[in-house]
Each structure stands twice: as structure tokens, then as C-alpha cells.
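See below for the structure under consideration.
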Amino acid sequence: MKRTSSILLAVTLGFALPLGASAADDRATPQQGKSMDSAGPKSYGEVKKVDKSSGKVTIKHGPLGNLGMPAMTMVFRVKDPAMLDQMKEGDKINFVAEKVNGAFTVIHTEPAK
């Protein structure tokens, strides 16, 4: 019985580990120049505040499925500070956010259509 349990555990872990690796790969930061569709799951939001001195933007957004977050208003870091030059309070944007080095970070934005 003990041997059967050990084999079952090994088989279960063998299936679970590749699935976890796949999920992490899906959240990898996109390469420069890729379109918004290939950058990752995009979300809609409204820029509430741009803080260039700290490299952060406050966005009122809908649910962020890839981060497991409900709709809310929150502060994000930006991947590239130059992104903040393209935003102003009140802008409606589509954006991709990910957790980068433990911080919620906007990695891509475009004006909402």
C-alpha cells in the first residue's frame, strides 16, 4: 500500500509540475515590438494619476484575470518610464499588467478605441 501511494504521488507531481511551468511561461514579459494581442491579457482602464517622479501610474481598472484581481483603482509601476509621457489623467487605455520582481507593473499600453 505504501509503495502504491508513493507511485501515485510521483505520477501526480509529474503531471502538476509541467502545468505550473506552462502557466509561468504564459505570464512572461513580451518582447519589444509585439502587438498588444500577443503581449498578454489586456485590460481596460482609466488613468487617474501619472507620477513621473516615482515611475508610477494610478489606474481605475476592470478585473485583471491574469493577476487574480477584481476591479479596483490601484497604483502600478511602469516597465519603461517613457510610457508615462504618453499618458495623462482621464485617458482611457488598454493595458497589460504583470507582477515583475514582486511589483504590479504595466508592461504595455495603448489608447482604448
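The values are calculated or read from the model by the stated rules, or taken from the named source; none is laboratory data. The model shown is predicted, which means the values in this text are computed figures rather than measured ones. Heads up, the Cβs are rebuilt from the backbone with ideal geometry, glycines too, and the neighbour counts pull from every protein chain shown.
What is the number of the single condition among (1) under 12 Å from Pro41 (Cβ atoms); (2) in contact with a Phe, Trp or Tyr (Cβ under 9 Å, 6 or more places away or on another chain); (3) free of Cβ contacts under 8 Å to residues at least 60 places away in the same chain; (4) of a type outside the set (D, E, K, R) that Pro63 does not meet?
With respect to (1) under 12 Å from Pro41 (Cβ atoms); (2) in contact with a Phe, Trp or Tyr (Cβ under 9 Å, 6 or more places away or on another chain); (3) free of Cβ contacts under 8 Å to residues at least 60 places away in the same chain; (4) of a type outside the set (D, E, K, R), Pro63 is out only on (2).
For every residue, the table says whether it meets (1) part of a strand (DSSP E or B); (2) modelled with pLDDT of 95 or more.
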| position | (1), (2) |
| --- | --- |
| Leu19 | no, no |
| Lys34 | no, no |
| Glu46 | yes, yes |
| Lys60 | yes, yes |
| Thr73 | yes, yes |
| Phe76 | yes, yes |
| Ala82 | no, yes |
| Asp85 | no, yes |
